[in-house]
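All remarks here apply to the structure that follows.
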Ligand SMILES: Cc1cc2nc3c(=O)[nH]c(=O)nc-3n(C[C@H](O)[C@H](O)[C@H](O)COP(=O)(O)OP(=O)(O)OC[C@H]3O[C@@H](n4cnc5c(N)ncnc54)[C@H](O)[C@@H]3O)c2cc1C
């Protein structure tokens, strides 16, 4: 066992952190949010130059061949900076689906473009009724000549408004909540029959509602075997959760540091408020919650490529539970300990709070994953009868 | 001992309930049910309806528009109002400055201000907190220098709720720079139209603009606008804060919110059934209901005791802490109920987009902002940490 970073990983961490420190201060973030895309294209190019956009991809596709730990490192830095860019949508979700599901022709056509920063993807999967159930897909894919016709409505498509291509899940067969019968289709975001409505989310990021009405895709634009997409969706959703867990840890760590700093500098009753023992204990509890979350983000990174899907699911579900709970506690207490300051839009800590709140609602909240973990028998097996 | 209301109290409750049902304008009720922000007009309209019925200031002396109700009836009234759910009368007037003027103000101040407070002809705001004086309110620095028949006020207040609407602000100021901390404070009533006052909005994390900074630059305030004696302001402030805390449990509001939560949970689906049938979610709601019932009983005990004591109870800190925790717990459950639809930012403030349909279910939009905004209830009115300090000192003698 070894929980330390390699030299290369340490280098990656330092360079991402430096880039964000130089280019992504809180004021810059406000500016980027006001750009047409809601984030910075220029910074996106810098991510590409640093190799971040090719992080999980093979070298032959212009990638750097990194694994979940590399993704964790980058996402944690993004969490600290409160990054706005569509890294999760394009690299983790879109890139993950292509990397694992596309044939070589599609991979070699699209992945190098992701890595160069010239192709943005989004995963159009959730639907109005699906809540957190990954198999709940009502959008249909009907065979038509050599290709497919897609009809349905997708919701909360993260960064779907700026995506060049959408990867759309649709049902080829089966009932609405069946795991069998799903397909994944790659379609141009401005293709005929695709309409989008973009909007901002509470954490300052972007999403879109997507309507598909008679949208056509060619036979070669399906990922994997038609009707058998669920395991791929579940795998990539777990990868997204592992990535979000790391992002949440970055956000929580920054939140905690800001709070401890505030306790040291804010004076009331003639003394720094950090001299009140009740606040010292609160800050200590926040640290405990943060470290528990960090441990589970690490666990998630190391388990996300576990070949047994049930084992993987248990681990990722457990991580999401911890992230949700720690995130809520750390976020709420940070606001509380900042008093009125914590409530203001101008001050960074509230934005961390909103991001961790949003992360809890992405790919299943703490309750959802706790129920799933319980259904799967928890993490510790009962003693086996001999 | 009898938990049941007397026949007279029941008749009263029914009367109030019927009034709330008939008199509360439907659009205001809808905003309240849905946890949407109210406009100034909503609050003014409603308070004037209450005042026309003689119910805007039930707790005031009858001579000034009070009803003479027993504490139990006052409790019933407030409970019914919150459960309607109707907006509370503007607290800065009717619960804060009004009672201070009644207890310590001059006859002229009473005649000038009380009727206008009751009818919300004047919108009041509370100028206590300053950048350097939050929990440690007595460290406030805003000065009032005596100059003939006036004070000249200089300094800054902050977190001033709805100062942008206000006609008047009541302020704690320091008229005697030599006096030590609590002793040098005076209580002034200041017309917001006086030259030298600047109001600057502060946006809160939910996107709202309910608080402000208020700057005073050589603002001349007639000495007759001082409440009570010079340098006794701290006593009046303590009196005011004691009153502020009793209203803060918001039991009726929490009941109304839990009803809303159940409504939403019946509409939201988790898998193949309504969320309300999900065992885990239902259990979480029930757990909050237990806490709320306990708080309600505690409140009733305080109400019953007030019949004999006639002064604010230090146990009101318990009401403030528990009340705020419960309100926040309900705001979390509302957020959880809408699942991923916590994400879209509401666009109703956005002039170009106000008529677009909402993203997701129409009930979802206000709930994330409500959750963010409601973090304030454990911060203002004396933070929950300060309340626990009060319990430790005043109740436990520690
Ligand atoms: C939405 C909102 C509306 C408000 N409206 C008004 C208004 O209309 N008028 C007005 O005058 N004020 C208003 N306030 C101000 C409010 O009363 C103050 O925010 C509150 O008193 C806390 O002060 P502070 O923000 O300076 O925090 P601080 O006093 O700096 O407190 C920071 C943290 O330290 C803790 N702390 C401080 N002292 C101690 C101690 N001795 N022991 C343990 N913990 C301690 C606090 O509990 C808090 O967690 C409002 C605040 C908010 C958030």
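Quick check, is residue A:153 within 14 Å of chain B (Cβ to nearest Cβ), in contact (Cβ under 8 Å) with a residue 24 or more places away in the chain and out of contact with any helix residue (DSSP H, G or I) (no Cβ under 6 Å at 6 or more places or on another chain)? Judged against the criteria, residue A:153 is a match. Residue A:117 satisfies every condition listed in (1) more than 22 Å from residue A:198 (Cα to Cα); (2) away from chain B (no Cβ under 14 Å) except (1). Consider the stretch A:341-353 and keep the residues that are within 16 Å of the ligand (Cβ to nearest atom) and buried (at least 21 other Cβ atoms within 10 Å of the Cβ). The one that is farthest from residue B:132 (Cα to Cα) is A:353. In the stretch B:381-398, how many residues are within 13 Å of the ligand (Cβ to nearest atom) and in contact (Cβ under 8 Å) with a residue 60 or more places away in the chain? The qualifying residues number 10. Scanning the stretch B:114-158 for residues that are in contact with a strand residue (DSSP E or B) (Cβ under 7 Å, 6 or more places away or on another chain), outside any helix (DSSP H, G or I) and within 16 Å of the ligand (Cβ to nearest atom) yields a count of 20.
Just checking, does the stretch B:171-179 include any residue being away from the ligand (no atom under 12 Å from the Cβ), outside any strand (DSSP E or B) and within 14 Å of another protein chain (Cβ to nearest Cβ)? Taking every residue of the stretch B:171-179 in turn, none turns out to be away from the ligand (no atom under 12 Å from the Cβ), outside any strand (DSSP E or B) and within 14 Å of another protein chain (Cβ to nearest Cβ). Among the residues examined, residue B:299 does not qualify as modelled with pLDDT of 95 or more, surrounded by 15 or more Cβ atoms within 10 Å (Cβ to Cβ) and over 22 Å from residue A:129 (Cβ atoms).
Kindly evaluate residue A:274 against the criterion of being away from the ligand (no atom under 16 Å from the Cβ), within 14 Å of chain B (Cβ to nearest Cβ) and buried (at least 19 other Cβ atoms within 10 Å of the Cβ).
On the way: away from the ligand (no atom under 16 Å from the Cβ): no; within 14 Å of chain B (Cβ to nearest Cβ): yes; buried (at least 19 other Cβ atoms within 10 Å of the Cβ): yes.
It is false that residue A:274 is away from the ligand (no atom under 16 Å from the Cβ), within 14 Å of chain B (Cβ to nearest Cβ) and buried (at least 19 other Cβ atoms within 10 Å of the Cβ).
Please determine whether any residue of the stretch A:195-214 is more than 26 Å from residue A:36 (Cβ to Cβ), within 14 Å of another protein chain (Cβ to nearest Cβ) and modelled with pLDDT of 95 or more. There is no residue in the stretch A:195-214 that is more than 26 Å from residue A:36 (Cβ to Cβ), within 14 Å of another protein chain (Cβ to nearest Cβ) and modelled with pLDDT of 95 or more.
Quick one: in the stretch A:104-128, which of the residues that are in contact with a strand residue (DSSP E or B) (Cβ under 8 Å, 6 or more places away or on another chain) and assigned to a helix (DSSP H, G or I) is surrounded by the most Cβ atoms within 10 Å (Cβ to Cβ)? Applying the filter and picking the extreme gives A:114. Residues in the stretch B:362-380 that are within 12 Å of chain A (Cβ to nearest Cβ), in contact with a helix residue (DSSP H, G or I) (Cβ under 6 Å, 6 or more places away or on another chain) and touching a residue at least 24 places away in the same chain (Cβ under 8 Å): B:364, B:367, B:368, B:370, B:371, B:374, B:375, B:376, B:377, B:378.
The residues on offer are B:235, B:218, and the sole one that is farther than 24 Å from residue B:322 by Cα, in a strand (DSSP E or B) and out of contact with any helix residue (DSSP H, G or I) (no Cβ under 7 Å at 6 or more places or on another chain) is B:218. Applying the criterion of being closer than 30 Å to residue B:42 by Cβ and buried (at least 23 other Cβ atoms within 10 Å of the Cβ) to the residues of the stretch B:131-157, the residue that is nearest to the other protein chains (Cβ to nearest Cβ) is B:134.
Residue-by-condition table, conditions (1) modelled with pLDDT of 95 or more; (2) farther than 19 Å from residue B:259 by Cα; (3) out of contact with any strand residue (DSSP E or B) (no Cβ under 7 Å at 6 or more places or on another chain):
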{"position": "B:309", "(1), (2), (3)": "no, yes, yes"}
{"position": "B:316", "(1), (2), (3)": "no, yes, yes"}
{"position": "B:320", "(1), (2), (3)": "no, yes, yes"}
{"position": "B:326", "(1), (2), (3)": "yes, no, yes"}
{"position": "B:344", "(1), (2), (3)": "yes, yes, no"}
{"position": "B:348", "(1), (2), (3)": "no, yes, yes"}
{"position": "B:357", "(1), (2), (3)": "no, yes, yes"}
{"position": "B:374", "(1), (2), (3)": "yes, no, yes"}
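All conditions in (1) touching a helix residue (DSSP H, G or I) at 6+ places or on another chain (Cβ under 7 Å); (2) closer than 26 Å to residue A:100 by Cα; (3) surrounded by fewer than 21 Cβ atoms within 10 Å (Cβ to Cβ) hold for residue A:242, with the sole exception of (3). The set of residues in the stretch B:196-212 being within 17 Å of residue B:170 (Cβ to Cβ) and within 11 Å of chain A (Cβ to nearest Cβ) consists of B:211 alone. Screening residue A:256 with (1) within 16 Å of the ligand (Cβ to nearest atom); (2) within 14 Å of chain B (Cβ to nearest Cβ); (3) in contact with a helix residue (DSSP H, G or I) (Cβ under 8 Å, 6 or more places away or on another chain) gives one miss only, at (2). Consider residue B:71 carefully, then state whether it is surrounded by fewer than 19 Cβ atoms within 10 Å (Cβ to Cβ), within 16 Å of the ligand (Cβ to nearest atom) and within 25 Å of residue B:238 (Cβ to Cβ). Considered against the rule, which asks whether it is surrounded by fewer than 19 Cβ atoms within 10 Å (Cβ to Cβ), within 16 Å of the ligand (Cβ to nearest atom) and within 25 Å of residue B:238 (Cβ to Cβ), residue B:71 comes out as no. With respect to residue B:86, is the statement that it is more than 9 Å from the ligand (Cβ to nearest atom), more than 14 Å from every other protein chain (Cβ to nearest Cβ), touching a strand residue (DSSP E or B) at 6+ places or on another chain (Cβ under 6 Å) and not in a helix (DSSP H, G or I) true? No; evaluated as a whole, the condition is false for this residue. Considering (1) under 17 Å from residue A:335 (Cβ atoms); (2) within 13 Å of the ligand (Cβ to nearest atom); (3) away from chain B (no Cβ under 14 Å), the lone condition that residue A:282 does not fulfil carries the number (3). Taking the criterion of being over 24 Å from the mean Cα position of the chain (by Cα) and surrounded by fewer than 20 Cβ atoms within 10 Å (Cβ to Cβ), the only residue of the stretch B:199-217 that qualifies is B:217. Taking the criterion of being under 25 Å from residue A:168 (Cβ atoms) and either outside any helix (DSSP H, G or I) or modelled with pLDDT under 95 (or both), the residues of the stretch A:76-103 that qualify are A:84, A:85, A:86, A:102, A:103. Only one entry in B:266, B:286, B:256 is more than 12 Å from chain A (Cβ to nearest Cβ) and under 30 Å from residue B:93 (Cβ atoms), namely B:256.
The values are calculated or read from the model by the stated rules, or taken from the named source; none is laboratory data. The structure presented is a predicted model; accordingly, all values stated were derived computationally and were not measured. Neighbour counts are summed over all protein chains in view; Cβ atoms, including those assigned to glycine, are modelled from backbone coordinates with ideal geometry.
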